[in-house]
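The values are calculated or read from the model by the stated rules, or taken from the named source; none is laboratory data. Computed from a predicted model, the values in this text were never measured in an experiment. Virtual Cβ from ideal backbone geometry, glycine too; neighbours counted across all protein chains shown. Heavy atoms of the whole protein, side chains included, go into the accessibility calculation; ligands, DNA and RNA do not. Shrake-Rupley method; radii C 1.70, N 1.55, O 1.52, S 1.80 Å.
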Amino acid sequence: MSALPRIPKLVSRASTASALTAATVAASVLLPGMAADAQAATPAAKALKVAAAKKGSPYQWGATGPYRFDCSGLTLYSFKKAGKKLPRVAADQYNATRHLSAGARTPGDLVFFHSGSYVYHVGIYAGGGRIWHAPGTGKSVRLEKIWTNSVWYGRVR
């Protein structure tokens, strides 16, 4: 009978644990940044993480990694590491994605810079109006604010 006095204590501990679990789940829904582990499982999130890990890698025209990149080479490499296949050049990558509005973009989507109908640059959307990209000769892979409104968005399928 000595176990009976412990039952209320065990029940209160279980209730506390349940309340903490419920609070954690609620926080991850209300604060998406707290659900990083769940998001990291998606190919887009993995590709974003790969691109960020290449920060400082030098730009080289035509390079697809793992140590040097051009813009579409970085996106190709990042998504390949995440288990997704993309064509080689930015325009073909745009044609291979599901096109999105700016309001529908999420981190891990591709950002295509264009002049008229000509796509000339691509990066991976990082959130907050910023992209990871390989900017050009003499520069290296970096996180940078999107500098123009002449962009289209695409989601890798």
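The table below gives the values:
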{"quantity": "Out of Lys55, Lys80, sole residue that is open to solvent by 60 Å² or more (accessible area, probe 1.4 Å) and within 19 Å of Arg157 (Cβ to Cβ)", "calculated": "Lys80"}
{"quantity": "Filter pass, Tyr125 being of a type in the set (Phe, Trp, Tyr), assigned to a strand (DSSP E or B) and either open to solvent by 40 Å² or more (accessible area, probe 1.4 Å) or at pLDDT 95 or above (or both)", "calculated": "yes"}
{"quantity": "Scan of segment 101-121 for residues that are under 18 Å from Ala53 (Cβ atoms) and open to solvent by less than 30 Å² (accessible area, probe 1.4 Å), ordered by number", "calculated": "Gly108, Leu110"}
{"quantity": "Subset of segment 136-150 that is out of contact with any helix residue (DSSP H, G or I) (no Cβ under 8 Å at 6 or more places or on another chain) and of a type in the set (Val, Ile, Thr) - its residue that is surrounded by the most Cβ atoms within 10 Å (Cβ to Cβ)", "calculated": "Ile146"}
{"quantity": "Residue match in segment 76-86 (condition: in contact with an Asp or Glu (Cβ under 7 Å, 6 or more places away or on another chain) and within 18 Å of Lys46 (Cα to Cα))", "calculated": "no"}
{"quantity": "Single match in Gly136, Gly56, Gly73 (criterion: modelled with pLDDT of 95 or more and outside any loop (DSSP other than H, G, I, E, B))", "calculated": "Gly73"}
{"quantity": "Any hit, segment 44-52, residues being assigned to a helix (DSSP H, G or I), at pLDDT below 50, of a type in the set (A, V, I, L, M, F, W, C) and surrounded by fewer than 16 Cβ atoms within 10 Å (Cβ to Cβ)", "calculated": "no"}
{"quantity": "Test: residue in segment 109-121 that is touching a Cys at 6+ places or on another chain (Cβ under 8 Å) and in contact (Cβ under 8 Å) with a residue 40 or more places away in the chain", "calculated": "yes"}
